[in-house]
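A short worksheet on the structure shown next.
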Amino acid sequence: MTVSPSGTTKKFLSLWTQYNNIFEECAIGANTETYTHCSNYTELFKDIDHNSCFDLENACPIITKYIKQLEESSENVTEGCIYLYYYMHGKFIVNKSSCNILAIYKKLLQAYCDANAGKKCNDLLAHINNYDFVKMKELMDVHISFFHRTFKEINNCGYAKDCAVLYEQYIKDCYGFVNSYYCNELKNFKYDYEDKMKEAKCPGVPNILTSAEVIDLQYFVVIPVSTILVISIIAFILCKFTPLGLCSRHQKKKDKKKKAEIDVISSKHLNTSKKSHINSRNRPYNIAYHSDSLS
């Protein structure tokens, strides 16, 4: 197996198993726990379409117990809560029903944080948005399904190609030095995909996926160079073919003419000074001497 740059082999599968084990443990006997904010789940979800959800009366105690265990065991609470959204799909949705699990997820997290002020999961509430969690769910589905297949036979190659196409769509959101949990998970998927595809016999399916860092480097180099080139071209056009450029050239000519005139005047003045100096040296001097014979 290939070790990813973070030093963790198959990081996604490792984390998925780790948090899933915690979730499954919390799901066992969670209804025996007593939490004040979970006392009336119908009131808790009154503004959400929850009738098509399954086993929802146990959702609040399970999620509360799960988050408490994350905090008590010093696990990464934000990371664990992201995986929690995925586990809730499998636990409370049956046969792709219309259960609004994202709204329920947010409501349960908010209820927990309100009842446990100052807890770490409050940090996650500030970053929740529908788009990120939906994308994470899609990415997790692809990741898990991909790792449960082998690609030594050609019959699974179509799925590998679909995964590569999806990845190339997803990675576009990470161009431009984007640093997010979602983009980091895509990076993990890239390393795990390339590692697994070493054993594949799938002609026409890429073994290497696009790296966001490579694209970022291209942007870092190409954009400044292109900008400088465009500015240079615009400056040339302005100077060559517009009144602004004509005026500038006319002003330069006037400046050069003035400078030439000043040089001529300075030269004449210098020559005049030299002649004066020479004449003064050649002029005879009449000096009166005192004679003794006249005394």
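Residues satisfying the criterion are absent from the range 154-173 (criterion: aromatic (Phe, Trp, Tyr), surrounded by 17 or more Cβ atoms within 10 Å (Cβ to Cβ) and closer than 16 Å to Pro203 by Cβ).
Within the range 44-56, is even one residue under 20 Å from Ile22 (Cα atoms), in a helix (DSSP H, G or I) and assigned by TED's automatic domain parsing to the domain that holds Asn20? Yes, the range 44-56 has at least one match. Residue count for the range 60-104 satisfying the condition of being farther than 12 Å from Ile22 by Cβ and touching a residue at least 40 places away in the same chain (Cβ under 8 Å): 17. A single entry from Ser145, Ser180 fulfils the requirement of being surrounded by fewer than 17 Cβ atoms within 10 Å (Cβ to Cβ), closer than 29 Å to Tyr105 by Cα and at pLDDT below 80: Ser180. Screening Tyr87, Tyr112 for residues that are out of contact with any Lys or Arg (no Cβ under 9 Å at 6 or more places or on another chain), at pLDDT 85 or above and either crowded, with 16+ Cβ neighbours inside 10 Å or within 22 Å of Leu125 (Cα to Cα) (or both) leaves exactly one candidate, Tyr87.
The values are calculated or read from the model by the stated rules, or taken from the named source; none is laboratory data. Owing to the predicted nature of the structure, the values given are computational and were not obtained by experimental measurement. So basically every Cβ, Gly included, is an ideal-geometry build from the backbone, and we count neighbours across all protein chains shown.
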